[in-house]
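Participant: This is the structure I have questions about; it appears just below.
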Amino acid sequence: MANDRPGILAIWNDVAPGRDADFNNWFQGEHLEERLAVPGFLYGRRHQAISGASGYFNFYLVEHPDVLTSQPYLERLNNPTPMTRMIMSDVFKNMNRTLCHRGLRRGAMRGAYAVTVRFNDTPDEMRLAALLDELLADINIVSGEIWLAVDAASQPLTQEEKLRGGDRKIKGALMVDTLRQEDAEALGVRLTEQFPNGDTGVFRVLCQLGHGEAFAT
């Protein structure tokens, strides 16, 4: 069952012109640690685009998808801090945010670059799994994941989403980590050709935070 698998909150967005500093200060000064303090959140990582339609990409790994509709998490979403309220209403643009379960992960490591493909139709898991097995034969490609959307009808409209003016959703996504930029860019070209109806982006990792690190003294 989907709820027996880890959950993923997958987010792609742009930033209002001239507001990148505000976005960075909020994300690294408040937001990451706040989210990792929610029970069930395990890991978060943020990225900036090298190429693709969205300027930023970030995701959170949670114990299972129900964490993303839990009361402690919804309490945060419906009671945003003053800084979060400002970011949501003035800074976030073109928000694409989807609650997912992780259908598959291949590889033990994480890389310095990520390539994502967003799907507006439910992807073929078997095709993607075979692709990951092929890709990970290359030592420069260190891991890959398949994400499948959780039913959007089961998710309440929160105050944060209202401030953003509503979010776009996907049906699924592929994320692949590489060691080096040139490998990510080459993979981005390949996946763009392989999935012409998908939305491919190439990103560099900016920062990441795991649950233990969030509470280290």
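Participant: Going by what's in this entry, would ALA129 be described as modelled with pLDDT of 95 or more, among the aliphatic types (A, V, I, L, M) and touching a strand residue (DSSP E or B) at 6+ places or on another chain (Cβ under 6 Å)?
Facilitator: On the way: modelled with pLDDT of 95 or more: yes; among the aliphatic types (A, V, I, L, M): yes; touching a strand residue (DSSP E or B) at 6+ places or on another chain (Cβ under 6 Å): yes.
In short, yes.
Participant: Another question about this same structure. Keeping to segment 145-173, report how many residues are assigned to a loop (DSSP other than H, G, I, E, B) and in contact with a His (Cβ under 8 Å, 6 or more places away or on another chain).
Facilitator: Residues that pass the stated criteria total 1.
Participant: Within segment 132-168, how many residues turn out to be at pLDDT below 95 and more than 27 Å from VAL15 (Cβ to Cβ)?
Facilitator: Within segment 132-168, residues that are at pLDDT below 95 and more than 27 Å from VAL15 (Cβ to Cβ) number 3.
Participant: Next question. Among (1) crowded, with 19+ Cβ neighbours inside 10 Å; (2) closer than 24 Å to ASP121 by Cβ, there is one condition ARG5 misses while meeting the rest; what is its number?
Facilitator: So the condition that ARG5 fails would be (1).
Participant: Residues that are under 14 Å from the mean Cα position of the chain (by Cα) and surrounded by fewer than 21 Cβ atoms within 10 Å (Cβ to Cβ), at least 2 per element: which strands (runs of 3 or more DSSP E) completely within segment 41-127 meet that?
Facilitator: Working: elements: 41-51, 56-62, 92-106, 113-119.
Strands (runs of 3 or more DSSP E) meeting the threshold: 41-51, 92-106.
Participant: PHE119 passes all but one of (1) under 20 Å from LEU68 (Cα atoms); (2) touching a residue at least 40 places away in the same chain (Cβ under 8 Å); which number fails?
Facilitator: (1)
Yes or no, residue by residue, for (1) of a type in the set (D, E, K, R); (2) over 27 Å from VAL117 (Cβ atoms):
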position: PHE27; (1), (2): no, no
position: VAL38; (1), (2): no, yes
position: ARG45; (1), (2): yes, no
position: GLN48; (1), (2): no, no
position: GLY55; (1), (2): no, no
position: PHE59; (1), (2): no, no
position: PRO80; (1), (2): no, yes
position: ASP90; (1), (2): yes, yes
position: MET95; (1), (2): no, no
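Participant: Right, ALA173: surrounded by 18 or more Cβ atoms within 10 Å (Cβ to Cβ), within 22 Å of LEU61 (Cα to Cα) and modelled with pLDDT of 95 or more or not? Even if it seems obvious, please write down each step before you answer.
Facilitator: Working: surrounded by 18 or more Cβ atoms within 10 Å (Cβ to Cβ): yes; within 22 Å of LEU61 (Cα to Cα): yes; modelled with pLDDT of 95 or more: yes.
Criteria met by ALA173.
Participant: Can I ask one more? Can you find a residue that is in a helix (DSSP H, G or I) and over 11 Å from the mean Cα position of the chain (by Cα) anywhere in segment 3-19?
Facilitator: Within segment 3-19 (the criterion being in a helix (DSSP H, G or I) and over 11 Å from the mean Cα position of the chain (by Cα)), the answer is yes, since at least one residue qualifies.
Participant: Filter segment 176-210 down to residues that are of a type in the set (Asp, Glu) and under 15 Å from PHE57 (Cα atoms) and give me whichever is surrounded by the most Cβ atoms within 10 Å (Cβ to Cβ). Break it down into steps so the answer makes sense when it comes.
Facilitator: From segment 176-210, those of a type in the set (Asp, Glu) are 177, 182-183, 185, 193, 199; that's our starting set.
Next, only the ones that are under 15 Å from PHE57 (Cα atoms) stay: 177, 199.
Numbers: ASP177: 21, ASP199: 18.
In this case the residue turns out to be ASP177.
The values are calculated or read from the model by the stated rules, or taken from the named source; none is laboratory data. The structure presented is a predicted model; accordingly, all values stated were derived computationally and were not measured. For neighbour counting, all protein chains shown are included, and Cβ atoms are generated from backbone atoms with ideal geometry for every residue, glycine included.
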